[in-house]
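First the structure, in the form of structure tokens, and then the observations on it.
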Amino acid sequence: MRKFLVVLDDSRECLNAMRFAAMRAAHSNGGVEVLAIIEPEEFNHWIGVGEIMRDEARERIEAHFEVFAKWMRDKQNIDPELVIREGEPLTEIMAQIQDDPEIGVLVLGAGNDNKGPGPLVTALSRQSGSLPVPITIVPGDLSKERLEAIT
């Protein structure tokens, strides 16, 4: 089964990326894999405090994921899987693509403010010619109706 890999973060554009991945998966008999990345600088504290912060980050990620997962199950009949990795986002995205041969498409949401599309979209676009899977970049301000029409 081909999976759509989508990155879970706190950005507004993440919502459209999740919607797009779920709708495309539903229309193509695929799956959705949600990747959340805990960056290492979040835990540069004493060992005990760092472990507590890591556990709290995982709990926040799992709660955030459940919101999207419920919508995917209820509205798109897709049961997504969650993968949590620790490290630098670009490195971990590439590692996940290498580790899971069923990933067929990387789906990213693009910001629509004057800061640009976002650091992941910018960095991965530069590398797009050498990536092992295609990237789908979903505009952050695309309406739900337009997403439905496209997918």
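The values are calculated or read from the model by the stated rules, or taken from the named source; none is laboratory data. If you're wondering where the values come from, they're calculated on a predicted model, not measured in any experiment. Note that we place each Cβ from the backbone using ideal geometry, even for glycine, and neighbour counts take in every protein chain shown.
Side notes on the structure shown:
- For region 105-123, a residue qualifies if it is closer than 18 Å to S143 by Cβ and under 13 Å from the mean Cα position of the chain (by Cα), and the qualifying residues are V107, G109, A110.
- Residues of region 18-30 that turn out to be over 13 Å from the mean Cα position of the chain (by Cα) and either part of a helix (DSSP H, G or I) or under 16 Å from D100 (Cα atoms) (or both), as a count: 6
- Here E51, E66 are screened, and the one residue that is closer than 24 Å to D141 by Cα, of a type outside the set (K, R) and out of contact with any strand residue (DSSP E or B) (no Cβ under 8 Å at 6 or more places or on another chain) is E66.
- Residue tally, condition of a type in the set (V, I, T) and farther than 25 Å from E39 by Cβ, over region 63-104: 1
- The residues in region 64-74 that are modelled with pLDDT under 95 and among the charged types (D, E, K, R) can be counted, and the count is 0.
- Residue check, A69 in contact (Cβ under 8 Å) with a residue 24 or more places away in the chain and not charged (D, E, K, R): yes
Conditions tested, residue by residue: (1) in contact with a Cys (Cβ under 9 Å, 6 or more places away or on another chain); (2) at pLDDT 90 or above.
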residue: G109; (1), (2): yes, yes
residue: P119; (1), (2): no, no
residue: L124; (1), (2): no, no
residue: P132; (1), (2): no, yes
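- Contact map, region 14-41: first residue under 16 Å from R60 (Cβ atoms), second residue surrounded by fewer than 21 Cβ atoms within 10 Å (Cβ to Cβ) and of a type in the set (F, W, Y), Cβ cut-off under 6 Å, separation 6 or more or different chains; pairs are V34/F65.
- Test result for V83, of a type in the set (V, I, T) and either in contact with a Phe, Trp or Tyr (Cβ under 7 Å, 6 or more places away or on another chain) or in contact (Cβ under 8 Å) with a residue 60 or more places away in the chain (or both): no
- Output for region 121-151, where each listed residue is closer than 16 Å to A22 by Cβ and aliphatic (A, V, I, L, M): V138, L142, L147, A149, I150
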